[in-house]
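> Here it is, the structure in full.
The values are calculated or read from the model by the stated rules, or taken from the named source; none is laboratory data. Not measured: the values here are computed from a predicted model. Cβ placement follows ideal geometry from the backbone for every residue including glycine, while neighbour counts extend to all protein chains displayed.
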Amino acid sequence: MAFTQKKCPFCGSTNVIKSGKDENGKQRYKCKNKDCPHSTFVDEYDKKGCDPKTKKEILKMTVNGSGTRAIARTLGISTNTVSSELKKKNNGLNK
């Protein structure tokens, strides 16, 4: 059996431990890096909109001038997910 070391998708740290299972039975991991903005993550997400890679892609496409509907269509997610993510990032900029 090959051992693969997990990386935190938020900070890239390899200081990660198992942290139980979520409601869908997927393995949950905990990042032990104190500077990481998130404490837990799942290796494989059921919903595309929850994946940190998708969230980064939403921001990248917005900066490049794509509209909400175009982003949703391209990434295969809901327009509500795109709007919600952009509102979260906008609130973080106003503080």
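> Considering (1) at pLDDT 85 or above; (2) hydrophobic (A, V, I, L, M, F, W, C); (3) closer than 19 Å to Lys55 by Cβ, say which one Val42 fails and leave the rest.
(1)
> Considering each residue of region 1-39, count those that are under 21 Å from Lys89 (Cβ atoms) and in contact with an Asp or Glu (Cβ under 9 Å, 6 or more places away or on another chain), and give that number.
Adding up the residues that qualify gives 2.
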